[in-house]
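J.: For reference, the structure I am asking about is given below.
The values are calculated or read from the model by the stated rules, or taken from the named source; none is laboratory data. Every value quoted in this text rests on a predicted model; they were computed, and no experiment measured them. Here the Cβ positions follow ideal geometry from the backbone for every residue, glycine too, while neighbour counts run over all protein chains shown.
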Amino acid sequence: MKAIRTEIPDLLILEPRVFGDGRGFFLESWNASEFRSAIGFDVQFVQDNHSRSARGVLRGLHYQIRQPQGKLVRVVQGHVFDVAVDMRRSSPTFKRWAGIELSEQNHRQVWIPPGFAHGFLVLSESADLLYKTTDYYAPEHERCLIWNDAEAGIDWPLQCAPALSAKDQLGLPFNQAEVFA
């Protein structure tokens, strides 16, 4: 596994070794030892999630203010623009974002540590995301940063207005959002 640092040092792109031939391909999507080497510490994942969305769907930007979740995200079908925003006030990269294209073709994964808001925009006809989390989903602690927050200034590759859930339409701007210490 190759670990690539982003402009936000705690956020990593992980590229697995892919072995392919005329029959298809094989890759190791999870290896605890290699992951520990890549991020520098042990992580215990407690939940696996699968999300399917249609073209133009924008999900997020979600985070849990208590029981914060680290996420290891990958796309197994389709193509998305995946975004993480640093919500940690004490971080030198507070309010900064990084966007990473994840697709079934590039096999990339992204490690999003606890303390980040996460979202994605589907660029293909549909997309299936699989992601592991370091803590359980806790709806009472879930928060949503509005996808088009001016302070974050995310440059989404939009072709038209995104399809948002009712919950995501009610996301808060940074100046009203709860953040981590």
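J.: Out of A138, A166, which single residue is without any contact (Cβ under 8 Å) to a residue 24 or more places away in the chain and either more than 15 Å from the chain's Cα centre (by Cα) or over 24 Å from V76 (Cα atoms) (or both)? It would help to see each step written out before you state the result.
T.: Details: A138 fails: without any contact (Cβ under 8 Å) to a residue 24 or more places away in the chain.
Within the list A138, A166, the selection yields A166.
J.: Could you check the range 1-21 and list, in sequence order, the residues that are of a type in the set (A, V, I, L, M) and within 17 Å of V75 (Cβ to Cβ)?
T.: Correct list: M1, I4, L11, L12, I13, L14, V18.
J.: Could you say which residue among A54, A32 is over 16 Å from D82 (Cβ atoms) and touching a residue at least 24 places away in the same chain (Cβ under 8 Å)?
T.: On the way: A32 fails: touching a residue at least 24 places away in the same chain (Cβ under 8 Å).
Going through A54, A32 in turn, the sole match is A54.
J.: Follow-up. If we scan the range 108-116, do we find a residue that is touching a residue at least 40 places away in the same chain (Cβ under 8 Å), crowded, with 16+ Cβ neighbours inside 10 Å, within 13 Å of V83 (Cα to Cα) and of a type in the set (G, A, S)?
T.: So far as the range 108-116 goes, no, none of its residues is touching a residue at least 40 places away in the same chain (Cβ under 8 Å), crowded, with 16+ Cβ neighbours inside 10 Å, within 13 Å of V83 (Cα to Cα) and of a type in the set (G, A, S).
J.: Something else now. In the range 1-17, which residue that is outside any strand (DSSP E or B) and in contact (Cβ under 8 Å) with a residue 40 or more places away in the chain is surrounded by the most Cβ atoms within 10 Å (Cβ to Cβ)?
T.: By that ranking, first place goes to L11.
J.: Given the criteria at pLDDT 95 or above, more than 24 Å from P16 (Cα to Cα) and of a type in the set (S, T, N, Q), does Q109 qualify?
T.: Spelling it out, it is not the case that Q109 is at pLDDT 95 or above, more than 24 Å from P16 (Cα to Cα) and of a type in the set (S, T, N, Q).
J.: Sticking with this one: Got a sec? Which of S29, S33, S37 is among the hydroxyl-bearing types (S, T, Y) and within 15 Å of V110 (Cβ to Cβ)? Even if it seems obvious, please write down each step before you answer.
T.: Values: S33 fails: within 15 Å of V110 (Cβ to Cβ); S37 fails: within 15 Å of V110 (Cβ to Cβ).
Exactly one residue qualifies, and that residue is S29.
J.: How about the range 118-171: which of its residues are part of a loop (DSSP other than H, G, I, E, B), in contact with a Lys or Arg (Cβ under 9 Å, 6 or more places away or on another chain) and among the β-branched types (V, I, T)?
T.: T134
J.: A127 is checked against (1) surrounded by fewer than 18 Cβ atoms within 10 Å (Cβ to Cβ); (2) within 19 Å of S53 (Cβ to Cβ) and fails just one. What number does that condition carry?
T.: (1)
Results for (1) under 17 Å from the mean Cα position of the chain (by Cα); (2) aromatic (F, W, Y); (3) closer than 20 Å to R5 by Cα; (4) surrounded by fewer than 17 Cβ atoms within 10 Å (Cβ to Cβ), shown as yes or no for each residue.
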residue: F19; (1), (2), (3), (4): no, yes, no, yes
residue: F26; (1), (2), (3), (4): no, yes, no, yes
residue: G60; (1), (2), (3), (4): yes, no, no, no
residue: Q67; (1), (2), (3), (4): yes, no, no, yes
residue: G70; (1), (2), (3), (4): yes, no, yes, no
residue: G78; (1), (2), (3), (4): yes, no, no, no
residue: A84; (1), (2), (3), (4): yes, no, yes, no
residue: M87; (1), (2), (3), (4): yes, no, yes, no
residue: A98; (1), (2), (3), (4): yes, no, yes, no
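J.: Which of the following residues is within 13 Å of the chain's Cα centre (by Cα) and over 23 Å from A150 (Cβ atoms): L129, L121?
T.: Matching residue, one of L129, L121: L129.
J.: Identify the single condition in (1) more than 21 Å from D10 (Cβ to Cβ); (2) surrounded by 15 or more Cβ atoms within 10 Å (Cβ to Cβ); (3) among the aliphatic types (A, V, I, L, M) that I39 does not satisfy, given that it satisfies every other one.
T.: Going through the list (1) more than 21 Å from D10 (Cβ to Cβ); (2) surrounded by 15 or more Cβ atoms within 10 Å (Cβ to Cβ); (3) among the aliphatic types (A, V, I, L, M), I39 breaks only (1).
J.: Could you check the range 18-69 for strands (runs of 3 or more DSSP E) lying wholly inside it with 3 or more residues that are modelled with pLDDT of 95 or more? Lay out the reasoning, then the answer.
T.: Working: elements: 18-21, 24-27, 47-54, 58-64.
The qualifying strands (runs of 3 or more DSSP E) are 47-54, 58-64.
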